[in-house]
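No value in this document is a laboratory result; all are computed from the given coordinates. It should be emphasised that the depicted structure is a prediction, and the values quoted were computed from it without experimental measurement. When we count neighbours, we look across all protein chains shown, and the Cβ atoms used for this are built from the backbone with ideal geometry, even at glycine.
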Amino acid sequence: MNIMQRLAQTMPAHVKPYTYEQMQAIRQREADVVAKNLYEQNQQTRVSKALGRSGIKKRHQHCSFDNFVIQNAGQQHAFDESKTFVDNLLNDRACGGFIFAGTSGTGKNHLACAIANQALQQRRSVVVITVAELMLKFRDTYRQDSATSETALIRFLSNVDLLVIDELGVQHNSNNERVMINRIIDERYTLEKPTGVITNLQSDELITTLGRAAVDRIMEDGKWVTFNWASFRINKGTQPA
């Protein structure tokens, strides 16, 4: 008589012991959880190593949905669309990307970073980066003593769970910038990874700057939200950019 048979004899009649196959399935689920946690921790380590910082800069690490100020219907719409996006992202539903467009001080960065912070809390890998910093990172790869290559940087940025590109339209709009950003967007589209864009450009200006194909890839199952109210800074509100 083996141990499972002896246990079965001592158990109450209504208690059914796990079969060998069920025990194996439980062990596999536990192993999968451990592997997932290790993968997520490794992803954040890669973010820190690649950028020399966390995925979200200190200025925006406090941004959340709870402290977003809603004073009009447009802000409510932006809030609702952002909540829907992050809910889809965290539940692995198709969510495309997002484009937050509008003038400075209207809360674009706040809501984008609220999305990013909530994703981080659920142990997703996130990078929020300006175009200027992105181009500096690429230029760094060309140094002889660089620890990474252009290809490796593109691969890294293409594989994080959420990438948000800030200040698109503020840069010099050189052909090299456009090519690099398009390469990242194209690769993320292929991998079905959402890309967010924060910009002060109108739709036609963004298409001219980025290209229609790139905008279409971001907007497939994605969201365009226009922030067309007065700046919180001018009104001495508390909302970040």
Q) Among the listed pairs 108/137; 58/193; 193/223; 57/193; 108/193, which are separated by more than 19 Å between their Cα atoms? A) 108/137; 58/193; 57/193; 108/193
Q) So what's the gap between the Cα centers of the stretch 117-151 and the stretch 76-99, to the nearest angstrom? A) 23 Å
**Q.** Extension reserve of the residue 23-residue 192 stretch, reckoned as 0.36 nm per residue once the Cα distance is removed
**A.** 57.4 nm
Q. For the peptides 61-70, 144-153, 101-110, what is the packing order when you average, over each peptide's residues, the other Cβ atoms within 10 Å and list the highest mean first?
A. 101-110, 61-70, 144-153
Q. Name the chymotrypsin sites (Phe, Trp or Tyr not before Pro) in the stretch 97-144 that are in a loop by DSSP and that have at most 13 other C-beta atoms within 10 Å, would you?
A. 142
Q.
At 7 Å along Cα-to-Cβ for each site, give me the label-to-label distance between residue 150 and residue 77 in nm.
A. 4.1 nm
Q: Please work out the FRET efficiency for the pair residue 216 and residue 104, using the Cβ-Cβ distance as r and a Förster radius of 35 Å; give the result to the nearest 0.05.
A: 0.85
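By count of other Cβ within 10 Å, fewest leading, how are 137, 57 ordered?
Ascending number of Cβ neighbours within 10 Å: 57, 137.
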Q. Going by average Cβ neighbours within 10 Å, how do the peptides 202-215, 122-135, 156-169 rank, with the highest at the top?
A. 156-169, 122-135, 202-215
Q. What is the distance, in nm, between label points placed 7 Å from the Cα along the Cα-to-Cβ direction at residue 179 and at residue 58?
A. 3.7 nm
